[in-house]
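A short worksheet on the structure shown next.
The values are calculated or read from the model by the stated rules, or taken from the named source; none is laboratory data. In this text, all values refer to a predicted model and were calculated from it rather than measured experimentally. All Cβ positions, even for glycine, are placed from backbone atoms using ideal geometry, and neighbour counts span all protein chains on display.
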Amino acid sequence: MSNLQKDLQANPGAHSFDEASLWFYKATDKVIGRVVLSVRRQPLGYMVSTKTDIIYCNIGNPQSLGQQPITFFREVLALCDYPALLDKSETQGLFSADSIERAWQIVDQIPGRATGAYSHSQGIQGLRDTIAAGIGERDGFPCNADDIFLTDGASPAVHMMMQLLTRSEKDGILCPIPQYPLYSASITLHGGHL
């Protein structure tokens, strides 16, 4: 265990984020045999310089790093948001057969076949039923759709949980350090402490 790691465990917050990040990346890079020379803040994340190359460590935007968007999800969303396309013959030439099939499966579970309206607070019942069945099939244990809450991303789910778990400033939440800033910000926002 390094001195920095010991210091961080004994005195959380005693070192700047850059120092803690540098230790984290050094520990990570040790596994692949690289030595980190520096960590610098960038507009969309952090840049890590190594002896051999620069690795941009962005969060939430893989396309900025050159990753191509996954077409399937975009096609399914487009078809679900405008289900009238599903009835047009031209759609077969514009969208993959898999996307069209999945969009039909989803749209058929949405009351009124409309995605723009409010749904149940936990999410659309038919979609939760499908997810529960998939989890049960994957894990070999029954899953109850009433235990599933659909959100529009990780951030709303984390905020919902922090709001649920935090009653006062006396409530502490444990999370790993270094951590995704959403956790510490959400804990602070809801009155708890890290």
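Provide a single number: the residues in the stretch 135-146 that are under 24 Å from residue 112 (Cα atoms) and surrounded by fewer than 13 Cβ atoms within 10 Å (Cβ to Cβ).
1
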Complete set of residues in the stretch 141-194 that are small (Gly, Ala, Ser), part of a loop (DSSP other than H, G, I, E, B) and in contact with a Ser or Thr (Cβ under 9 Å, 6 or more places away or on another chain): 191, 192
Out of 131, 177, 187, report the one residue that is closer than 27 Å to residue 83 by Cβ and surrounded by 14 or more Cβ atoms within 10 Å (Cβ to Cβ). 131
In the stretch 149-184, how many residues are in contact (Cβ under 8 Å) with a residue 40 or more places away in the chain and within 29 Å of residue 77 (Cα to Cα)? 1
One residue from 94, 77, 150 being out of contact with any helix residue (DSSP H, G or I) (no Cβ under 7 Å at 6 or more places or on another chain), surrounded by 14 or more Cβ atoms within 10 Å (Cβ to Cβ) and modelled with pLDDT of 90 or more: 77
